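Peer 1: Here it is, the structure in full.
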Amino acid sequence: MKKLSRIALAVVALAFMMNAVTGTAQAAKTFSGTLNINTATEQELTQLPGIGPAKAKAIVAYRSTNPFDTAEELKEVKGIGDKLFASLSPYVSVNGSAAQVPSVQ
């Protein structure tokens with residue numbers, strides 16, 4: 001029984017450590033380039049830091065009735081506040097004829 005408990009504890013510790021390493025690797029991503037938030041697809045929007053499928057879908061739904069005049073209007077989309085917008089602002093624009101997906105380096 002003690003051996004089983006030790007194994008379970010070791011598995012939990014290993015999972016915790018793997019999660020910490022993965023989080024660090026994700027935080028180390030460096031994005032470059034810009035993305036036109038008025039023309040980008042949901043998939044392209046998910047390339048932005050902090051934007052997952054749900055927020056990408058919300059952005060597309062919002063702009064279908066309210067095209068963005070400025071990038072700062074992203075804060076009108078549910079789930080995008082000042083903090084997230086601050087991390088997005090270098091990578092988004094409302095100009096340009098085509099979406100340019102930011103690259104991850």
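Just so it is clear, none of the values below were taken in a lab; they were calculated from the coordinates. None of the values given here were measured: they were computed from a predicted structure. FYI the Cβ positions are ideal-geometry reconstructions off the backbone, even for glycines, and counts take in every protein chain you see.
Peer 1: Rounded, prolate or oblate: which fits segment 34-98, taking a ≥ b ≥ c as square roots of the Cα gyration tensor eigenvalues, rounded meaning a/c under 1.5, else prolate when a/b beats b/c?
Peer 2: Numbers: a/c = 1.17, a/b = 1.12, b/c = 1.04.
Rounded.
Peer 1: Right, next: Given points 7 Å out from each Cα along the Cα-Cβ axis, report the Glu76 to Ala54 separation in nanometres with one decimal.
Peer 2: Rounded to a tenth, the inter-label distance reads 2.3 nm.
Peer 1: Still on this structure: Amide H to amide H under 5 Å from Ser93: which residues, 5+ apart in sequence or cross-chain, H placed 1.01 Å off N in plane?
Peer 2: When sequence neighbours closer than 5 places are left aside, the close amide H contacts are Leu35, Asn36, Ile37.
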